[in-house]
Amino acid sequence: MDQLRQAVDTPKGWRHARGEASLSDVHRSIAVQTSGPGWRRAAAFVGPGYLVAVGYMDPGNWATSLAGGSKFGYTLLVVALVSNIMAIVLQALCARLAIGSGRDLAQACRDAFPKPVAYTLWFLAEIAIIATDIAEVIGTAIGLNLIFGIPLEIGVLITALDVFLILYLQKLGFRWVEALIITLLGVIAVCFAIQIFMADPEWGAVIKGFAPTTEIVTNPEMLYLALGILGATVMPHNLYLHSGIVQTRDYGSTIPEKRSALKYATIDSTLALMFALLINASILILAAATFHKTGQTEVAELGEAHSLLAPLLGLAIAPTLFGIALLCCGINSTVTATLAGQIVMEGFLHIKLAPWLRRLITRGIAIIPAAIVTIWYGESGTAKLLVLTQVVLSLQLSFAVFPLVMFTASKAKMGALVSPRWLSAFAMFIAVVIALLNVKLLSDFVFA
């Protein structure tokens, strides 16, 4: 029935039928009110945006924000702001692609490109997920170590348990997955609110930090960190993730129902990403107000930041709050990365396996290299590794962004929900800016 509805309702600009729905075990599993007050319909769409927002504040982001704040003070706050604006536009396009075409980004790429190109995009997406998972596994393991004293090697193995957590929660319903994520986000927000209050930053300098400066582009070291922040903020796996989980809503098949769904899904992701900006800015502000202010300009390791917070802020609770927030970020991020891995593997490769086996495979592809790297490097060197993973993500980003912009600008593929020309132009501008920044980064790296 679902395949019949998809074949009838989606535009005809695709070469093949979609096949199995994205995340088929939870596809269209959440009912949406078709009558009654608008807030009830809007409430049904609250959730996917926050799963996406998790990727914008993962442990890799912490490393780049800590490094940026400690070294350059509040200067790179503007990068967090610009990255967030880019993220809002791109995630809105993901919702548009999913609702307008009935496909996630991986399925769309598989259909639109020749097999060699599609498989290359799949490989790059897997690299991005592995880079993401390295950051998240390290972050979670460090969080467990900071709070409970658990060795990093054991902490890495514990992170693999999220597979079973997802299976259990999805058995109860996808809303339970979203509830876990939103609850942990609330804990993170409270932890940072208390730490910022204790740090008492210079608010005038904070506001000035949101103003752009040419030094970010002309200073190679600053550009490297800026691209790390960009890579940690606008993440490739989030584009695949959002285009899949939006389809957990049973929003109907008529054009008015789809337009309504797109409006509420965009509101959800925009508000969630504004929340993510607050967290990202808080990490950078905390680093600037504690480390940069006291001359500690080389702080980037999460463990080092944890140990320095107590003497600098004068309260023993500060590092505990830091560790709790880090652990919550790590748990959240590993859950969403696992879902993204499933969407990418199913969409590109059309592998049909039992849900538990699919998740074990996608988790294994990501966690095995993450575990090897974590155990090999140990606690020392994790900061450089975390920043490097975020730059790798930034370099992978264009390979997900350009197809997304192309698909949503195509009337043949999107039908009535094709992107307005101004939105397509703005999105293409974002894609080109990201690509040019990456070329600049590579040239600086090669010729330095």
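Sparsely packed loop sites in the stretch 140-204 (the GluC sites (Glu not before Pro) outside DSSP H, G, I, E and B with at most 16 other Cβ atoms within 10 Å) comprise E202. When both the stretch 69-84 and the stretch 94-108 are represented by their alpha-carbon centers, they are found 32 Å apart.
Carbon-plus-sulfur accessible fraction, the chain (probe radius 1.4 Å, protein heavy atoms only): 71%. Which distance in Å, rounded to a whole number, links the C-alpha centroids of the stretch 133-187 and the stretch 273-289? Between the Cα centres of the stretch 133-187 and the stretch 273-289 lies a distance of 22 Å. Accessible area per residue for the chain is 38 Å², calculated with a 1.4 Å probe on protein heavy atoms, without ligands, DNA or RNA.
First select every other residue whose beta carbon is under 14 angstrom from the beta carbon of F113; then total the charges, Lys and Arg +1, Asp and Glu -1. Computed value for this residue: +4. Helical runs assigned H by DSSP (4 residues or longer) give the chain a calculated mean residue ellipticity at 222 nm of -25500 deg cm²/dmol, each run adding -39500 (n - 2.57) before division by the residue total. Distances between placed amide hydrogens fall under 5 Å for V32 paired with D250, all partners being 5 or more residues away or on another chain. Scanning the chain for DSSP H helices at least 18 Å long along the axis (C-alpha atoms) with a Kyte-Doolittle mean no lower than 0.0 picks out 77-101, 115-148, 174-199, 220-233, 255-287, 317-349, 355-377, 382-408, 421-447.
Contact order, relative form, for the stretch 64-218: 32 percent (alpha carbon pairs under 8 Å, 6 or more residues apart, mean separation divided by residue count). Across the chain, Cα pairs under 8 Å and at least six residues apart give a relative contact order of 37 percent. Counting Lys and Arg as +1 and Asp and Glu as -1, what is the net charge of the other residues whose Cβ lies under 10 Å from the Cβ of H16? That sum, taken over residues with Cβ under 10 Å, equals +2.
For the listed residue pairs K71/K208; K413/K440; K115/K413; K71/K440, the alpha carbons are over 25 angstrom apart in K413/K440.
The values are calculated or read from the model by the stated rules, or taken from the named source; none is laboratory data. Since we're looking at a predicted model, the values are computed, not measured. Glycine gets a Cβ as well: all are built from the backbone with ideal geometry, and neighbour counts include every protein chain shown. Surface accessibility is based on the protein's heavy atoms, side chains included, excluding ligands, DNA and RNA. Shrake-Rupley method; radii C 1.70, N 1.55, O 1.52, S 1.80 Å.
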